[in-house]
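Reading through the structure tokens given below for one structure.
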Amino acid sequence: MEKRNQIVLAGNPNSGKTTVFNALTGARQHVGNYPGVTVEKIVGSFKSGDLNITLTDLPGTYSLTANSPEELIARNVIINEKPELVVNIIDASNLERNLFLTLQFMELGVPLILVLNMIDNARDRGIEIDAERLARLFGARVVCTVGNRSEGINELKKVIGEVVREKERHSVNKVNYSDELEIPIRKAAKILTDNKLVPEGYDAEWLAIKLLEKDNEITGLLSALPGSGEALKAIDDIIGKLENDVNEPSEIIVTEHRYGFIAGTCREVVSSTLQKRRDISEAADSVLTHRVFGIPLFLGLMYLVFYLTFTVGDPFMGWIEQGVEWLGVFVSSWWPEGSASPLRSLLVEGVIAGVGGVLVFLPNIAFLFFAIAILEDTGYMARVAFIMDRLMNKIGLHGKSFIPMLIGFGCSVPAIMATRTLNLRRDRMTTMLVVPLMSCGARIPIYALIIPAFFPKKWEAAIMFSIYITGIAVAVLTAKLLRSTLFRGENEPFVLELPPYRIPTLKSICIHMWSRTSVYLHKAGTLLLGASVVLWALSNYPKKETFERDYAGEMAKIEQSRLPAAEKKSLIRKIGNEKTAEALSYTCTGRIGHVIAPALKPMGFDWRVGTALIGAFPAKELFVSQMGIVFALGELDEENPVALRAELPKHYNGLQAYCIMIFCLLSAPCIATFAAARRESNSWFWAFFQMFGLTALAYIVTTLVYQFGILFM
Amino acid sequence: MTARKYNSPVLSLNSAPAGAELVVLNAFGGCEFQRKIAALGIYPGEKLEVVEHGNCGGLILKVKGSRLAMGQGMCEKIKVKVVQ
């Protein structure tokens, strides 16, 4: 096998790490998880000259102390996997804070390349960085880039190649703190070395620094070693003496020295040419995070997003509809007119109608993800978390819970994965349990089917909005209930960096949009395809051979009667429908639907809706294809499920339609969400709890809505 | 030690005036909390500025050239003084 060089990419959140990663590796990426933990591991590859480089994107962190799972992983990757090189992405306009992490890589003594990213931003703000001098001070190559315009990326590839080839010539300088800290570090390191307390792969001085920082992980690791008691006690004395001398806790002393070192470096390499001025981001924030206007502005923006989702998606939907219709007719034409071939029925009514009926709504979903990607990439999302923090606090959630909930409007699976940013289990679990109440993209097909069918055009956006608001309201109440019963306790403190507003590139938005949309498409190709076939079979078999009434005879009688032609036609149609209904009642789905129908009655649903709801269990959007199958079978002439919109109002009223949407919104999440919840909570109990809890909730709420609604009908 | 240099009253971050230059005195909370905010640039002796108070005891502050949004609970734990 050809040799691959392992290197890692590291940096602060918001340093443009992902942009550089994408620019380096292009589409050659693989997303997985670090073993045992739920932190995403993204691996990509590229070539530098004749070298094959494998690049791992470390989670974005501010430090390498074990403050969070991300930080622990970042540092364990470096200690255990020994990458040949760490490429440290630095936001050039924010050098001081970013170098805090850099310094910790230097403490680890790994080969390093410093990438001054977004250098154009820094220059605009009048910050000039002497890259050569920085390189000499740190003993690391320095490359300037503008990630989103791919500037400096080729240079970076070249430098990576050079450093990997001539590793021995590129060792970082050792960080020397002033004696106040350096002496205790050396003393502690010597104690560790003398007592053979330096595990394989670790450096004594680095361990000493971590002990001074009171890093739980390292303290635990060392105290588990045999004979460590005495030595650690001696080190504790050193720490105690230091704290006594300086009159501050040792972890603060370490921080101060690090920032001191950085401040010294910055004085040497940074020159500021412009006077500090209030930048555009600040001006924008004074409006967008305004204490009064912030929330209304956000709600207005969301309304706009959902309004556009429908209007922009419409023409594209039309094209896909026609395509699906054409494909159905085309496949049908392989068989002679009126053929009853089961294969034809499977292909046309099962596969094409099932998957096609769902694909039709792809433009809506793609546009929604597109809009969310814009909000994320401009930096607005971080502001939203901030302005919503108080509200979220009131319902017992964290400001950061808001981001998963917003992603939940696209798809619950990435949303549940996004709860990883919450550090406390009670915050995380509560968020995870209510995320499916955020109306996800898979429910859009249901709304997009029902709303135009039952409500006038000018109300469409408002009805849609009311569904979303219902979901949010129920989520709020549920979260509050959970936090005051099962997950009691204080909130985690809220702190989040507000990156400067950026104009996102089309490329990065598209990558973002695609990574989420592809989840939906993948589902359509696998889960939905399989489920469509199964559902088709369930709603076609067993076949009824002998009917209770002589339908053919009745039809013939009408045909021969002297009624007007129009009346004849409608009577024949009615009998035809009755026949199909009888046939359908005989099939598996029909039987299940009939069995559960009495239970569904309080919500205003009939057995057909019940049948479709069973079908919607693996994935919400299956409700549409299942209705399509149920009603296509219920028609004399073979109609395309796209015509379902015209058919539904003949069977249901607006209230029932609304209740269907409410039930689909609130009830058990799809299989994929169930699996995600089980994985992320690491518990079958909570996954089942979510599934049954939400279904019960949906039943109660929908029944209330229906029963209350019929009073006014 | 940092405290003595500035002759103004000790304030919690959430009661500090917006726009004034502030110096961090200390932060109450475990060493994990201290390390966490230190990594963001908030540690004794560091200067910062409250950009604006949010709708709810939370605020936006500027430290080390970046801006942070912070919730009420956290602000209460961080003690500062106005630099005169």
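The values are calculated or read from the model by the stated rules, or taken from the named source; none is laboratory data. These figures come from a predicted structure and were not determined experimentally. All Cβ positions, even for glycine, are placed from backbone atoms using ideal geometry, and neighbour counts span all protein chains on display. Accessible surface is based on the protein model in full, side chains and every heavy atom, while ligands, DNA and RNA are left aside. Shrake-Rupley method; radii C 1.70, N 1.55, O 1.52, S 1.80 Å.
Condition check ((1) crowded, with 19+ Cβ neighbours inside 10 Å; (2) outside the structural domain of A:Q104 (by TED's automatic domain parsing); (3) of a type in the set (A, V, I, L, M, F, W, C)) across all residues:
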| residue | (1), (2), (3) |
| --- | --- |
| A:V254 | yes, yes, yes |
| A:R258 | yes, yes, no |
| A:E282 | no, yes, no |
| A:V292 | no, yes, yes |
remark   = When the range B:15-33 is checked residue by residue, the ones that are at pLDDT 85 or above and not small (G, A, S) are B:P17, B:E21, B:L22, B:V23, B:V24, B:L25
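Among A:T702, A:T673, which is the only one that is more than 27 Å from the chain's Cα centre (by Cα), buried (at least 21 other Cβ atoms within 10 Å of the Cβ) and in contact (Cβ under 8 Å) with a residue 12 or more places away in the chain? First the steps, then the outcome.
Details: A:T673 fails: more than 27 Å from the chain's Cα centre (by Cα).
Result: A:T702 is the single residue among A:T702, A:T673 that is more than 27 Å from the chain's Cα centre (by Cα), buried (at least 21 other Cβ atoms within 10 Å of the Cβ) and in contact (Cβ under 8 Å) with a residue 12 or more places away in the chain.
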remark   = Inside the range A:253-275, the number of residues satisfying the requirement of being without any contact (Cβ under 8 Å) to a residue 24 or more places away in the chain and more than 8 Å from chain B (Cβ to nearest Cβ) is 2
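Taking the range A:295-340 as the region of interest, how many residues are among the acidic types (D, E) and not in a helix (DSSP H, G or I)?
Taking the range A:295-340 as the starting set, the residues that turn out to be among the acidic types (D, E) are A:314, A:321, A:325, A:337.
Applying the additional criterion that residues be not in a helix (DSSP H, G or I) yields A:337.
Going through the range A:295-340 one residue at a time, the tally reaches 1.
Yes or no: B:L61 among the hydrophobic types (A, V, I, L, M, F, W, C) and closer than 24 Å to A:P499 by Cα? Reasoning before the result, please.
Working: among the hydrophobic types (A, V, I, L, M, F, W, C): yes; closer than 24 Å to A:P499 by Cα: yes.
It is true that B:L61 is among the hydrophobic types (A, V, I, L, M, F, W, C) and closer than 24 Å to A:P499 by Cα.
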Selection status of A:E282, away from chain B (no Cβ under 14 Å) and within 29 Å of the chain's Cα centre (by Cα) = no
query = Which residues, taken from the range A:186-218, are closer than 23 Å to B:I37 by Cα and buried (at least 19 other Cβ atoms within 10 Å of the Cβ)?
reply = A:W206, A:L207, A:A208, A:I209, A:K210, A:L211, A:L212, A:E213, A:K214, A:D215, A:I218
request  = Just need a number here: residues in the range A:235-252 that are farther than 24 Å from B:V24 by Cβ and either open to solvent by 40 Å² or more (accessible area, probe 1.4 Å) or within 10 Å of chain B (Cβ to nearest Cβ) (or both).
outcome  = 3
request  = Filter the range A:80-103 down to residues that are open to solvent by 10 Å² or more (accessible area, probe 1.4 Å), away from chain B (no Cβ under 12 Å) and under 22 Å from A:E213 (Cβ atoms), then give me how many there are.
outcome  = 1
query = Of these, A:F494, A:F487, which one is crowded, with 16+ Cβ neighbours inside 10 Å and within 14 Å of chain B (Cβ to nearest Cβ)?
reply = A:F494
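Of all residues in the range A:535-577, how many are of a type in the set (G, A, S) and in the same structural domain as A:A353 (by TED's automatic domain parsing)? Outline the logic, then answer.
First, pick out the residues of the range A:535-577 that are of a type in the set (G, A, S): A:537, A:539, A:552-553, A:556, A:561, A:565-566, A:570, A:576.
Narrowing further to those that are in the same structural domain as A:A353 (by TED's automatic domain parsing): A:537, A:539.
Of the residues in the range A:535-577, 2 are of a type in the set (G, A, S) and in the same structural domain as A:A353 (by TED's automatic domain parsing).
Condition check ((1) part of a helix (DSSP H, G or I); (2) in the same structural domain as A:D314 (by TED's automatic domain parsing); (3) open to solvent by less than 10 Å² (accessible area, probe 1.4 Å)) across all residues:
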site	(1), (2), (3)
A:R390	yes, yes, no
A:F409	no, yes, no
A:R420	yes, yes, no
A:P436	yes, yes, yes
A:P452	yes, yes, no
Test result for A:Y541, part of a loop (DSSP other than H, G, I, E, B) and touching a Gly at 6+ places or on another chain (Cβ under 8 Å) = no
inquiry  = If a residue must be at pLDDT 85 or above and acidic (D, E), how many such residues does the range A:160-186 contain?
reply    = 4
task = For the range A:486-497, indicate whether the set of residues that are without any contact (Cβ under 8 Å) to a residue 40 or more places away in the chain and in contact with a strand residue (DSSP E or B) (Cβ under 7 Å, 6 or more places away or on another chain) is non-empty.
result = yes
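Across the range A:577-629, what is the number of residues that are among the aromatic types (F, W, Y) and farther than 26 Å from A:S412 by Cβ? Quick ask: steps written out before the conclusion?
Kept after step one, since they are among the aromatic types (F, W, Y), are these residues of the range A:577-629: A:586, A:605, A:607, A:617, A:623.
Checking which are farther than 26 Å from A:S412 by Cβ leaves us with A:586, A:607.
So the count comes out to 2.
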Subset of the range B:60-83 that is more than 9 Å from every other protein chain (Cβ to nearest Cβ) and in contact with an Asp or Glu (Cβ under 9 Å, 6 or more places away or on another chain) - its residue that is surrounded by the most Cβ atoms within 10 Å (Cβ to Cβ) = B:L61
